[in-house]
Structure formats: structure tokens, C-alpha cells
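First the structure, in the form of C-alpha cells, and then the observations on it.
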Amino acid sequence: MSHPHQDIPERPGGRPRVGLLLPRDLPAGQLLDYARRAQDAGFAALWVVEDMSWRGGIAQAAAVLGATRLEVGIGILPAGARNAVYAAMEVATLAQLFPGRLTVGVGHGMPEWMRAAGAWSPRPLGVLADHVTTLRTLLRGGRIAPVAKGPEVALDPSAVPDQVPDVLLGVRGPRSLALSGRVADGTVLAEPTSPEYVRAALAAVAPRGPHRLAAFNVAAVDEDRGRA
């Protein structure tokens, strides 16, 4: 079984772009071979995951970007686990090194994982909103207000990417979906993504402008499970 990813077009009649998910339990020595095989098979993108106790999303993305010509999505980075300023530095670096090939998903993270890591907030919606707003502002060369009595923060002009990657929210609940419509470039929907789920999610997102929708689903790519 595989987890295909789709970028669903904004306009009816457009053709979705199909990618694959990089399995989190793939042996490290097979990771880049898997990515190259996905490229050779004609997939448009490869998405990496950051699940607690597995592998880091940013490191995986850097490796795949360097080894292929694929677009790479990170789905998802939990907002409470990283300082937004330092997250912006990492994302900006990838965007400069591999322009136009990166998409970043950010979300709450699984509550039990975040609690185990000491990174869960009693106000997860506010944390996510602040994190994504800071991330997108810094990636665009903007400045953020000082914390306490500190100075304003901005990326050095030499570190601001010419092509700013889309930042998507990987969320499920109605309030979080509505937040995505207000502050993000798109939304990541977890499997299974039926047409009914997509329509309901879009209604909750109610985007104010162009808004990408990335959807995950499970599919068999070969009748033989071993070959798949």
C-alpha cells in the first residue's frame, strides 16, 4: 500500500498533481533510492512526514531535494515543537538552495505526542496562528514585533528566498480549518479524502484568496503487496 498525495486544483477542470508519501519506517539506506524511483516513475512530488520518534522532516526534505528534481512537501511540522524564527531560518535555507521545489505543512501535532515531548500548549489554536504568521512574515522579508523588551526580528536580506514556499496547515477541526483559510497558503487533508470530505473541508476553510489543497489517500500500486 502507498500514500499518494494530490494537489487539488483551485479551478474546476484542472488536473490534480500526484505525488507519493515517503514511508516513515523505510530503512535509511533505501530512502534516496525510493525518492529516485518515484522521480523515474513520473510522480510530481514526494512528501515527507515528521512523526515523533521517527525522522525529522526538514532533514528528510533536504536529502530528497538534493538527490532528485522532485518537488518536496513536508507534512507536517508541529508548531509547538519549534521556535518559529528558527523554523523560518531552516525553511528559508531550503527555499534558497532549491527554489520553487518546497512546500511546508505545519499543524498542531498529535496531542499525545506533543504532551510527551513537553510541547503541547493549552492554547493550540493561538500557538499555530502565531507560528504560521511569524513563519510567513519572515520568509517574505518582513519583521515581527519584539518579544518582551527585545528587538524586532527579521531574516538577514541575504537569507530571504527569492521564491517563497507555500505554507499549508495540516489540520482537521472546523476552527483550525477556518484558521487555515485566514493565515495559510493552503491546507493539507489527511487520509481518507473522499469528495464529500474535500467539499466539507473547503467550506470550513472558506479561503479569502487562492488556496492550495493537498490531499492524502491510500492506494494499491500493485496487486502484489511485495512489489507495491
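Annotations
- Built amide H within the under 5 Å cut-off of GLY73, gap 5+: LEU46, TRP47, VAL48, THR103
- Across the accessible surface of the chain, with the other protein chains kept in place and a 1.4 Å probe, carbon and sulfur atoms take up 54 percent.
- Compared with the rule-of-thumb size 2.2 N^0.38 Å for a compact globular protein, the chain has a Cα radius of gyration ratio of 1.00.
- Within the listed set ILE144, ILE58, ILE76, the Gaussian network model of the chain (springs between alpha-carbon atoms below 10 Å) gives the highest mean-square fluctuation for ILE144.
- Å² per residue, accessible surface of the chain at 1.4 Å: 53 Å²
- Percent antiparallel among DSSP beta bridges (both partners in the stretch 103-198, rounded to 5): 10 percent
- Near ALA81: Cβ cut-off under 15 Å, other residues only, Lys/Arg at +1 and Asp/Glu at -1. The net charge is -2.
- ³J(HN,Hα) computed for each position of the stretch 124-131 - Karplus, 6.51 cos²θ - 1.76 cosθ + 1.60, integer Hz, glycine/proline x: x, 5, x, 4, 5, 4, 5, 4
- Radius, Kirkwood style, for the stretch 124-208 when every pair of distinct Cα atoms is counted (Å): 14.3 Å
- Given R0 = 35 Å, the distance between the Cβ atoms of ARG182 and TRP113 translates into a calculated FRET efficiency of 0.85.
- Summing +1 for each Lys or Arg and -1 for each Asp or Glu among the other residues whose beta-carbon sits under 14 angstrom from that of PRO99 gives -1.
- The chain - charge dipole about Cα centre, Lys and Arg +1 at Cβ, Asp and Glu -1, debye rounded to 20: 520 debye
- Net charge contributed by nearby residues that have their C-beta within less than 11 Å of VAL167 (K/R +1, D/E -1): +1
The values are calculated or read from the model by the stated rules, or taken from the named source; none is laboratory data. Remember, predicted model here, so these are calculated numbers, not experimental data. Positions of Cβ are backbone-derived with ideal geometry, glycine not excepted, and every protein chain shown enters the neighbour counts. SASA here: full protein model, heavy atoms, side chains in, ligands and nucleic acids out. Shrake-Rupley method; radii C 1.70, N 1.55, O 1.52, S 1.80 Å.
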